[in-house]
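Scroll down for the structure; my scribbles are underneath it.
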Amino acid sequence: MVVTLKEVAERAGVSRSAVSRTFTDGASVSPKMRRKVEKAARELGYSPNALASSLTTGRTKLIGLVSSNFHNPFFLEIFDLFTRGLQERGLRPLLVNLSGETEPENSVRMLRQYSVDGVIVASSTLPPGFAIAFREAGVPVINAFGRYASDPQVHTVGIDNVECGRIAARTLIARGYDRLAFLGGPESATSTQDRLTGFRAEIALQRGVEPSVSFAGAYTFEAGRSEMQRLLQAPPAEAYFCGDDVLSIGALSALRDHGLSVPGDVGVLGLNDMEMAGWAGTDLTTIRQPIRQIVASSIELMGAMLDEPDRYPEARVFPCRIVERATLRPLPEAG
């Protein structure tokens with residue numbers, strides 16, 4: 001049988017409103033009263049009804065966690081961090097899959113049906129208009145892993161993908177590679193566009209040449225493998241910046257099946273430093289995206305927005321760094 005608030009009140013010898021206040025965040029209740037109510041609740045095995053509490057407080061504590069990258073195992077790591085982090089703060093994540101969705105208004109309408117208190121758009125492939133649509137609807141929103149802008153329209157937490165492209169180019173050039181290539185994810189993704197922009201700009205600055213460019217249809221192993229197989233119908237580049245670890249792993253598979261050694265014949269550089277990148281047999285040299293810091297900062301910012309929904313949008317940008325493993329030739333020794 002479900003224990004009711006009335007039964008707790010009778011066991012504690014207090015009013016039902018006193019029990020309700022005890023289990024309502026921010027409500028006024030004396031320490032003595034709180035101890036009596038909590039003791040009675042423990043004895044009866046009572047747990048407060050979150051839905052009933054939301055009717056009293058006007059808050060559901062539901063946070064929409066929105067993405068379209070469910071086919072990318074990197075985002076499974078991100079969702080794990082987000083769901084645990086939100087729950088530790090007493091918030092309840094509502095995971096929403098927007099794969100294939102093209103109309104931001106449909107997403108807003110769906111999330112408002114659940115009376116979410118806020119939304120975290122955790123995606124590098126959804127257009128910026130999705131986060132903006134939530135803001136315009138009056139829903140507190142954060143674009144995690146979103147496109148960096150110095151004057152953001154919504155709160156944005158992530159990395160500077162243009163700078164990551166520059167880091168990739170400098171890394172490959174420093175190792176003596178001449179014929180460089182970019183193998184990106186979907187061409188429409190802002191992360192792909194920005195990584196390519198930085199990659200091209202740095203190569204043009206240092207070498208005055210244009211890298212070869214190709215795109216995979218999705219951020220998946222199969223898409224990376226398929227695109228590399230297509231590229232291998234012609235002589236390969238000396239090194240590829242794949243723009244994403246899962247694409248890189250697919251490309252490695254195609255290169256090795258083609259009888260090419262990595263890094264002996266071809267170098268491969270990824271981005272993200274997902275768990276799989278460090279597995280034996282993969283050992284992918286990559287650019288680490290600090291996902292733990294990005295997720296923690298997004299959750300902290302969401303908590304602040306729930307208390308101050310009108311705070312001015314800010315961009316929180318985290319630096320990336322190279323993680324050396326075994327898919328690029330080593331740096332030449334200084335002599």
What are the extents of the Cα atoms of region 222-288 along their three principal axes, in Å, largest first? 31, 23, 17
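Once every DSSP H run of n ≥ 4 in the chain is given -39500 (n - 2.57) and the sum is divided by its residues, what mean residue ellipticity at 222 nm do you get, rounded to the nearest 500 deg cm²/dmol?
It comes out at -13000 deg cm²/dmol, rounded to the nearest 500.
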Binned at 5 Å starting from 0, the alpha-carbon pair-distance distribution of region 260-325 in whole percents comes out as 4, 14, 19, 16, 12, 9, 9, 7, 5, 3, 2, 0
Calculated SAXS-style log₁₀ I(q)/I(0) at q = 0.18, 0.21, 0.25 Å⁻¹ - region 130-214, Debye, Cα scatterers: -0.77, -0.93, -1.15
Whole-Hz ³J(HN,Hα) from phi, Karplus 6.51 cos²θ - 1.76 cosθ + 1.60, for region 155-172, glycine and proline x: 4, 10, 10, x, 10, 8, 5, 5, 5, 4, x, 5, 4, 4, 5, 4, 5, 6
Evaluate the charge dipole of region 229-326 about its Cα centre and quote only its size in Debye, nearest 20, assuming +1 on the Cβ of each Lys and Arg and -1 on the Cβ of each Asp and Glu. 240 debye
Among the DSSP beta bridges whose two residues both lie in the chain, what percent are antiparallel, rounded to the nearest 5? 10 percent
The set of residues whose placed amide H lies less than 5 Å from the amide H of LEU95, leaving out same-chain residues fewer than 5 positions away, is LEU65
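Taking the Cα centre of the chain as origin, sum charge times position over the Cβ atoms of Lys and Arg (+1) and Asp and Glu (-1), and report the length of that vector in debye to the nearest 20. Write down the numbers at each step before the final one.
Values: 36 positive and 38 negative charges, 296 e Å.
Here the size comes out at about 1420 debye.
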Between 0 and 90 degrees, rounded to the nearest ten: what's the tilt of helix 31-44 against the longest Cα principal axis of the chain? 80 degrees
Please list, in chain and number order, the residues 5+ apart from GLY267 or on another chain whose amide H is under 5 Å from its amide H, with Hs placed from the backbone. ALA239, TYR240
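How many percent of all Cα-Cα pairs in region 225-335 sit more than 16 Å apart?
Considering region 225-335, 64 percent of its Cα-Cα pairs are separated by more than 16 Å.
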Could you point to the residue in ALA41, ALA149, PHE70 farthest towards the positive end of the chain's charge dipole, with +1 and -1 charges on the Cβ of Lys/Arg and Asp/Glu respectively? ALA41
Under a 5 Å amide H to amide H cut-off, with H placed in plane at 1.01 Å, what residues pair with ARG288 once short-range neighbours are removed? ASN272, ARG321, ILE322, VAL323
Explain nothing, just compute: Karplus ³J(HN,Hα) = 6.51 cos²θ - 1.76 cosθ + 1.60, θ = phi - 60°, for every residue of region 145-152 in order, whole Hz, x for Gly and Pro. 6, x, 6, 5, 9, 5, 10, x
The rounded separation in angstrom of the Cα centers of region 72-93 and region 4-47 is 31 Å
Pop out the Kirkwood hydrodynamic radius of region 64-191 from its pairwise C-alpha distances, inverse of mean 1/r, in Å to one decimal. 16.0 Å
Report Rg(Cα)/(2.2 N^0.38 Å) for region 163-309, keeping two decimals. 1.12
On the principal axes of its Cα set, how long, how wide and how thick is region 208-251? Give whole Å, largest value first. 31, 21, 16
Treating cross-link reach as a plain straight distance, find the aspartates and glutamates whose alpha-carbon is under 20 Å from the alpha-carbon of LYS32, omitting any fewer than eight places away in the same chain. GLU7, GLU10, GLU43
If the convex hull is drawn through the Cα atoms of the chain, its volume per residue in Å³: 178 Å³
By accessible area (1.4 Å), largest first, VAL262, VAL119, VAL2 order as VAL2, VAL262, VAL119
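The values are calculated or read from the model by the stated rules, or taken from the named source; none is laboratory data. Just so we're clear, the structure is a prediction, and the values are computed from it rather than from any experiment. Cβ: placed from backbone, ideal geometry, glycine included. Neighbour counts: every protein chain shown. Accessible surface is based on the protein model in full, side chains and every heavy atom, while ligands, DNA and RNA are left aside. Shrake-Rupley method; radii C 1.70, N 1.55, O 1.52, S 1.80 Å.
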